[in-house]
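The values are calculated or read from the model by the stated rules, or taken from the named source; none is laboratory data. Everything numeric here is computed off the predicted structure, so don't read it as measured data. Cβ: placed from backbone, ideal geometry, glycine included. Neighbour counts: every protein chain shown. For accessibility, only protein heavy atoms count, side chains too; no ligands or nucleic acids. Shrake-Rupley method; radii C 1.70, N 1.55, O 1.52, S 1.80 Å.
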Amino acid sequence: MPSMFFHDLSGADDPVWEQAFPVLQQLRTHLTREALAEVIAEGAPQGLRFTALFYRDKCVAVAGWRIIANTNLRRVLYVDDLCVDETTRSHGYGQFLLNELTRRAKEAGARALDLDSGVQRHAAHRFYLRNRFIISSHHFRLELPS
């Protein structure tokens, strides 16, 4: 077994979520396993996938992503979530995962890799800027009453 490898999670009941979920939850602190199952059930038909990066037998990073079509760039790989385990940051795992997503984007014929990042996530912004991402737009949200 190679020391670093990817695992594409095959649904909410994939046993790898036992290791991958705590990593994802570091980014999405509000997320429960039940809510994740609902997101996967609704998102998978829309193309949502999750890929976990392992170093030896430990999940060190997780990405949620999808290929989307839009009128601006046509085909894009959109990253919903990109999280490296806080105990293993600055070891190159984020770079390794980003390189894999870039490879998959090119393989799928995407013209870009897009993501949104919370305005408070300064370390993540430095990482994206170092990796030649540009700040191409502002993201606006209108919260709707329940």
Looking at the structure I just gave you, is Asp8 within 11 Å of the chain's Cα centre (by Cα) and either among the β-branched types (Val, Ile, Thr) or within 30 Å of Arg111 (Cβ to Cβ) (or both)? no
Could you please let me know if Ile40 is open to solvent by less than 70 Å² (accessible area, probe 1.4 Å), part of a helix (DSSP H, G or I) and β-branched (Val, Ile, Thr)? yes
Under 9 Å between Cβ atoms, at least 6 apart or on separate chains: pull out the pairs that start in the stretch 115-136 with a residue that is free of Cβ contacts under 8 Å to residues at least 60 places away in the same chain and over 21 Å from Arg66 (Cβ atoms) and end on any residue that is open to solvent by 100 Å² or more (accessible area, probe 1.4 Å) and part of a loop (DSSP other than H, G, I, E, B). Ala123/Arg89; His125/Val119; His125/Ile135; Leu129/Ile135
Quick check on Arg130: is it more than 21 Å from Val16 (Cβ to Cβ) and in contact with a Leu (Cβ under 8 Å, 6 or more places away or on another chain)? no
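Checking the condition open to solvent by 30 Å² or more (accessible area, probe 1.4 Å), aromatic (Phe, Trp, Tyr) and within 14 Å of Val79 (Cα to Cα), which residue from Phe133, Phe96, Phe127 passes?
Details: Phe96 fails: within 14 Å of Val79 (Cα to Cα); Phe127 fails: within 14 Å of Val79 (Cα to Cα).
Among Phe133, Phe96, Phe127, only Phe133 is open to solvent by 30 Å² or more (accessible area, probe 1.4 Å), aromatic (Phe, Trp, Tyr) and within 14 Å of Val79 (Cα to Cα).
Here is a yes/no grid of residues against (1) among the hydrophobic types (A, V, I, L, M, F, W, C); (2) surrounded by fewer than 20 Cβ atoms within 10 Å (Cβ to Cβ); (3) in contact (Cβ under 8 Å) with a residue 60 or more places away in the chain:
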{"residue": "Ala52", "(1), (2), (3)": "yes, no, no"}
{"residue": "Cys59", "(1), (2), (3)": "yes, no, no"}
{"residue": "Val62", "(1), (2), (3)": "yes, no, no"}
{"residue": "Leu73", "(1), (2), (3)": "yes, yes, no"}
{"residue": "Asp80", "(1), (2), (3)": "no, yes, no"}
If we keep only residues of the stretch 110-122 that are surrounded by 10 or more Cβ atoms within 10 Å (Cβ to Cβ) and either in a helix (DSSP H, G or I) or not charged (D, E, K, R) (or both), then the residue nearest to the chain's Cα centre (by Cα) is Leu115
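Scan the stretch 80-99 for residues that are in a helix (DSSP H, G or I), under 11 Å from Trp65 (Cβ atoms) and in contact with a strand residue (DSSP E or B) (Cβ under 6 Å, 6 or more places away or on another chain) and jot them down.
Residue satisfying the conditions is Leu97 alone.
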Is there a residue in the stretch 1-9 that is in contact with a Ser or Thr (Cβ under 8 Å, 6 or more places away or on another chain), part of a loop (DSSP other than H, G, I, E, B) and modelled with pLDDT under 95? no
